[in-house]
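Notes for the one structure printed next.
Nothing in this text is a laboratory measurement; each read-out follows from the coordinates by a stated rule. Computed from a prediction, not measured in an experiment: that's the story for all the values here. Note: ideal-geometry Cβ built from the backbone for every residue, glycine included; neighbour counts use all protein chains shown.
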Amino acid sequence: MSWLTDSLKSSIFRKLLMALTGLFLILFLTVHLAGNIQLIFNDEGQAFNIYAHTMAHNPFIQLVSKFNFAFIVLHVIYSIWLSRINNTARPVKYGYSAASTNSPWTSRNMGILGTLILVFLVIHLKGFWWEFKNDSIPMVTYDGETMPNVFLVVKAAYSNVWYAAVYVVSMFFVGFHLSHGFASAFQTLGLNHVKYTPAIKAIGKGYAIIVPALFALIPILIYIKSLG
């Protein structure tokens, strides 16, 4: 089994795992956004409640959700591990390093950005997922089917200016993290070529702007609506 142990310890395996889990989380963000965007529909939360109820009772979605949590944990653990290994390999910094000209700020601070995003995820899960699982939520009925009115919980959270502000700021961190991680994941997998690498980088930058911006737009609109 030494070959397996050596593989798990290799830098190539760690970077490959980071890339694969990162791409899965990008896919998850896309699907999550498609569901959350229904929060701003002018239907008192009906579309979002039906979506949330369907997702909660779909065995396949629940399985994917468990894999998602596992991938988040793996992504965090391996990012910390990689950072520690890199720091150990070069305990003394170079006497001179023009870091800003050799690499973008995001690539040099992925660990910091990842930590800030992790803190946000803990707050986010505590405010929503934990409450959905453990607290009593008002029920609502659509076409004879009764389900939890989770829209009310989300609406109450985003009507709080501090929570809405934390969410919006956190999306900036997510955007910066994605701006480097998207293209880096493809490069790690060897999917880089002079013909299509520029396109991958352009798509990555667009994704890193559009997706976090749409996520941030949701609490902003709900908060503004709560003022009226």
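Multiply the residue gap between residue 169 and residue 225 by 0.36 nm, knock off their C-alpha separation, and tell me the result in nm, one decimal place.
In short, 18.2 nm is gained.
Of the peptides 137-146, 23-32, how do they stack up when ordered by the mean number of other Cβ atoms within 10 Å, highest first? Write out the running numbers ahead of the final one.
Values: 137-146: 10.6, 23-32: 15.4.
Answer by packing, highest mean first, reads 23-32, 137-146.
Compute the length gained on full extension between residue 152 and residue 77: take 0.36 nm times their separation in residues and subtract their Cα-Cα distance, giving the result in nm to one decimal. Numbers along the way, then the final one.
On the way: separation 75, 0.36 × 75 = 27.00 nm, distance 3.43 nm.
Using 0.36 nm per residue and subtracting the Cα-Cα distance, I get 23.6 nm.
Suppose R0 equals 35 Å; then what is the FRET efficiency for residue 54 and residue 195 from their Cβ-Cβ distance, rounded to the nearest 0.05? Kindly include the intermediate steps, with their values, before the conclusion.
Working: r = 41 Å, r/R0 = 1.17.
Here the calculated transfer efficiency is 0.30.
Which entries in the list 15/66; 15/126; 66/205; 155/201 go over 24 Å, if you measure between the two C-alpha atoms of each? Could the numbers behind the result be given before it?
Values: 15/66 22 Å; 15/126 30 Å; 66/205 28 Å; 155/201 36 Å.
Over 24 Å apart, Cα to Cα: 15/126; 66/205; 155/201.
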